[in-house]
Structures are given as structure tokens and as C-alpha cells.
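The values are calculated or read from the model by the stated rules, or taken from the named source; none is laboratory data. Quick caveat: nothing in here was measured; it's all calculated off a predicted structure. Every residue, glycine as well, gets a Cβ built from its backbone with ideal geometry; the counts of neighbours run over all protein chains shown. For accessibility, only protein heavy atoms count, side chains too; no ligands or nucleic acids. Shrake-Rupley method; radii C 1.70, N 1.55, O 1.52, S 1.80 Å.
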Amino acid sequence: MWHLLEPLHAVLYYAPEAFEEAAALGYEVGERWPAYFAFRAAPLGAVGAVRAASAFYSMSPRMVERYIPAVWETASPAAVLAARSRGVDRAYRSLFGDRVPGPEMREAAALARCAAEAADLSGRPLAAANAELSWSREPHVQLWQAATVLREHRGDGHVAALMTAGLDPVEALVSFAAIGAASREVLGSREWSAREWEEARERLAARGLVAEDGAATEAGRALRERVERETDALAAVPWQALGVDRTARLAELLGEFWVAVIGSGLLPAANSLGIGKV
């Protein structure tokens, strides 16, 4: 379900319609990060860099500080939330065309919302912040909202699994690259310095988790497998609540929308999430 829903959520950060809405608020859209930080952090309110970096986890605090709290000087969180809904509405209409008002979209949105509303939110700041927002009346925007709650729910659980495994933010990235889930170049978007990366590699090597060449050892791969299993376990409640049959039906319905997003070319082929590799 993560593999199916993540691309539907990620449209927000790549669709030209979303960038147009961000630009209308006054954000610089020559790069993706001002809009990204505004759109993703807005459900938390006008947070500062410390709280945002805590929730985002793998991003360098220096990177977060470059954009937050400055993004709130351009537009309020409420204005950003309205803009992101407009951006998703427009992007989905562009991607899905006459399927937007169709029965498959309505059914998929209802099932995804049911799963999202069953999510356990304790200790999950990003999931809880998105779950607290009012639901759109439009089924296609509801589908995106549900996908967002569910992906942030899984992401918050993933942070917990990383912390339990004793992997700090940069160690999480180094160990992820070590198993080949994403390249160091792609993960460089999180803006940890070469020195910080090397120091993290040395810490992991001292634990027997990576070899001198940076590749994961057997112990390192086992640890990352445990992290992924724990992440999946922590993400299970919404799908247990939805049930096997309705989850299978949602997966079936999402297929054509997933294909449309992947086929659009909006999303980068190389991503930092490890979709298709973990």
C-alpha cells in the first residue's frame, strides 16, 4: 500500500500546478525546497526550525533553518494549506482527467479515508497534524489527503524504528545507501556535509554495520531489514482496520491512478525513499 500511495502523495512536490500555487503566494520556485518546506510543514502551524527538523529527521538542521521559519514570512500556514489543496486539485485533474469525477475515484477516496481515519496518532506529529485538518468535499482531494495522512503515519513510525535501531539522522542515510536503497548522490539532497557523512560511516563501521568501502555488512543489512519490518508493523493499524478484502479492493482501484502518476514523468526515477528496493 505504501508503494501505491507514496507517488499519489508526492505529486504535490513536483506538479507544475502546485508550483504555480506556491509562486502565487510569493515563494521562489526556481528550486523545489521553499514550496516543499512550506507545504509539508504547514499542518504543524508556524513552527520553527528545531521542531521542523525533529519531525523531518533525515534533513540536515542547517538545511531546515535555511527555509524555516522564513517561509512563514511569505505566507501563513493557513494560506499555504489552502494553496496546497488548490494545487492538488488542479494536478489531479490534469493527471486523471475524466476519471476525477468517476465512481472508481469516489470509492478509492472513501476506502483510503477510512484507513486514514483509523490511524493511531500517538507520537506521530506529522500524521496527527494532517489528520486534524478538515476533509475536502472533493473525492480526489480526499484521496490525496488520505494518502498524505497514511504516508506521514508510516514516516513517523519509520523514525521511531530508526531511533530504536540506534540510527541517528545521518547514520540512517548512510546505512540506507550502504544497502543500495538509494545512492549517496540522491541522499545528498538532505545536505549533510562530506565530513558528517564520513563520521557517520565510521560510527557504523565501529558497530560492524558497514565495511571500509561503505557497503553494508551482513549485520548492517540485517539491521536495516529489522527497521523495515518494524516500520511495516507500526504502519499496520490502518490496514488491519480496513480489513483484507477492502484493502485489496483499494489496491485494485489505485492501480490506474498509480500508473498515471508514474507515467506522467513528474516524479524522479531515482528517489530517496527506496521504493522498489526495500
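Worth a mention:
- Here Arg62 clears all of (1) under 16 Å from the mean Cα position of the chain (by Cα); (2) under 22 Å from Val159 (Cβ atoms); (3) of a type in the set (Lys, Arg) except the condition numbered (1).
- Selection within region 215-230 - in a loop (DSSP other than H, G, I, E, B) and surrounded by fewer than 16 Cβ atoms within 10 Å (Cβ to Cβ): Ala215
- Residues located in region 31-52, provided they are within 18 Å of Tyr13 (Cα to Cα) and open to solvent by 10 Å² or more (accessible area, probe 1.4 Å): Glu31, Arg32, Trp33, Pro34, Tyr36, Arg40, Pro43, Leu44
- Sole exception among (1) closer than 13 Å to Ala235 by Cα; (2) in contact with a helix residue (DSSP H, G or I) (Cβ under 7 Å, 6 or more places away or on another chain) for Gln142, by number: (1)
- Among the candidates Gly180, Gly220, residue that is over 28 Å from Gln240 (Cβ atoms), in contact (Cβ under 8 Å) with a residue 60 or more places away in the chain, in contact with a strand residue (DSSP E or B) (Cβ under 9 Å, 6 or more places away or on another chain) and not basic (Lys, Arg): Gly180
- Considering region 8-30, and only residues there that are open to solvent by 30 Å² or more (accessible area, probe 1.4 Å) and outside any helix (DSSP H, G or I), the residue that is nearest to Asp156 (Cα to Cα) turns out to be Tyr14.
- Whichever residue in region 189-201 is among the hydrophobic types (A, V, I, L, M, F, W, C) and more than 23 Å from the chain's Cα centre (by Cα) and, among such residues, is least open to solvent (accessible area, probe 1.4 Å): Ala200
- Those helices (runs of 4 or more DSSP H) of region 92-188 in which at least 2 residues are hydrophobic (A, V, I, L, M, F, W, C), farther than 30 Å from Glu202 by Cα and open to solvent by 40 Å² or more (accessible area, probe 1.4 Å), considering only elements entirely within it, cover 103-117.
- Test: residue in region 191-200 that is outside any helix (DSSP H, G or I) and modelled with pLDDT under 95: yes
- Looking across Ala55, Ala78, Ala83, one residue alone is part of a helix (DSSP H, G or I) and either open to solvent by 40 Å² or more (accessible area, probe 1.4 Å) or hydroxyl-bearing (Ser, Thr, Tyr) (or both). It is Ala78.
- Some residue of region 202-213 being open to solvent by less than 40 Å² (accessible area, probe 1.4 Å) and either of a type in the set (S, T, N, Q) or closer than 20 Å to Arg151 by Cβ (or both): no
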